[in-house]
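See structure below.
Nothing in this text is a laboratory measurement; each read-out follows from the coordinates by a stated rule. Since the structure is predicted, the reported quantities are computational estimates derived from the model, not experimental observations. Counting neighbours? That spans all protein chains shown, and the Cβs are built from the backbone with ideal geometry, glycine included.
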Amino acid sequence: MDELVQIRKKAQLTLPLSIRRKLGIEEGDFMDIHVKDDEIVMRPKKLIDKDQAWFWTQRWQEGEKEVEEDYKSGRFYEFPDAKSAITALHKTVTEQKRKRVRK
């Protein structure tokens, strides 16, 4: 998708709406800009708080994808409360330990 834009006063330019929509760029977003050979390369960047960085690690994102696949496939249980869920987890762990002992 090519767009022609004009450099204005103070070297400002406006990203066309079609580009902003395609990339999900909104007012206030940050852009990573660098020069590669004779080109200017711009990439949208989202800044996150340091205490939220764990959520964006590769390991966490892979886990999120796995959970989403399990959910779509119906591989999940619903519990009326946290106590019931914890009881079920303890039961599952106990059963797994028994299976390992039998082998």
(request) Report the far tail of the P(r) of the stretch 26-103, meaning the percent of Cα-Cα pairs longer than 18 Å. (result) 72 percent
(request) Please name whichever of Phe76, Leu17, Gln96 sits farthest to the positive end of the charge dipole of the chain, dipole taken about the Cα centre and charges placed at Cβ: Lys and Arg +1, Asp and Glu -1. (result) Gln96
(message) Under the rule a/c < 1.5 gives rounded, and otherwise a/b versus b/c splits prolate from oblate, where does the stretch 51-90 land using the Cα gyration tensor?
(response) oblate
(request) Under a cut-off of 17 Å between alpha-carbon atoms, report the lysines in cross-link reach of Lys83, not counting same-chain residues fewer than 8 places apart. (result) Lys91
(request) Just name one of Thr57, Leu4, Leu47: the one whose Cα is farthest towards the positive end of the charge dipole of the chain (beta-carbon charges, Lys/Arg +1, Asp/Glu -1). (result) Thr57
